[in-house]
Amino acid sequence: MKKILLMALFAIVAVGASAQKNISIWWGGNVAKITDADSEFKALNIGVAYTAPINDAFDWSAGVSYTTKGADGWDPGFIQLEGNGAWNFLKGSEAKIGIFTGPYLSFMVAKDEDALSNWMEANTFDIGWQAGLTADWKFLTFKLGYEFGFCDLIDVKSKLLEEFDVDSDSKSGAFFFRVGVRF
């Protein structure tokens, strides 16, 4: 896994060198939670995004990342694809501040099965929506937002559901921050 991440980082830097400050590499953290479980801070979130202007006030971006979600004691890892639109309500020569929103798709690549009991299974797919604030200053980029998943991340086996009438609502949600460098 470390070799794959290092190769991806090298490829991102190589492509970013010719992108005229449209590519950013970021690190971030989130306070992840699933419905009816305690939240926990997750610090393993890294990614790359391509951002381009639509006009003076609007940008669009597309990105890919490795994101840790879950809840207290459960740390599944996801490859996440996201697309956002942003309205820059404050724009200067070296800085801009705006609001963003858009969908994401996540594919689980690290299940953390040890944290799940033998009557639960992790779903490997999530789709959701995210929104928040974005700011760029010179070569730095910042994001602060919230994302909400539409799919249950944990399936409780159906036999248990029938026997004990257990609710299996486990949609993900996370407040997140990101700090990046534009190339």
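The values are calculated or read from the model by the stated rules, or taken from the named source; none is laboratory data. Bear in mind that the values here come from a model prediction, so they are computed numbers and not experimental data. Here Cβ is always computed from backbone atoms with ideal geometry, including for glycine, and neighbour counts include all displayed protein chains. Side chains included, ligands, DNA and RNA excluded: accessible areas come from the protein's heavy atoms. Shrake-Rupley method; radii C 1.70, N 1.55, O 1.52, S 1.80 Å.
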Obtain the nm distance between the two label points defined at Phe142 and Phe41 by a simple spin-label model: each point lies 7 Å from its Cα along the Cα-to-C-beta direction. 1.7 nm
Roughly how many nanometres apart are two label points built 7 Å out from the Cα toward the Cβ at Val31 and Asp155? 3.2 nm
Point-charge dipole on Cβ atoms (K/R +1, D/E -1) for the range 53-136, about Cα centre, debye to 20: 300 debye
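Determine the per residue accessible area of the range 19-124 with all protein chains present and a 1.4 angstrom probe, expressed in square angstrom. All intermediate terms of the calculation are to be shown ahead of the outcome.
Numbers: 5300 Å² over 106 residues.
Heavy-atom accessible area per residue stands at 50 Å².
Holding the Cα-Cα limit at 30 Å, pick out from Lys91/Lys171; Lys42/Lys96; Lys33/Lys91; Lys33/Lys143 the pairs that are longer than that.
Going by Cα-Cα distance, Lys91/Lys171; Lys33/Lys91 fall outside the 30 Å limit.
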All aspartates and glutamates inside 13 Å of Lys138 as judged from Cα atoms, apart from same-chain residues fewer than 8 positions distant: Glu94
Excluding ligands, DNA and RNA, the carbon-plus-sulfur percentage of the accessible area of the range 22-111 with a 1.4 Å probe reads 66 percent
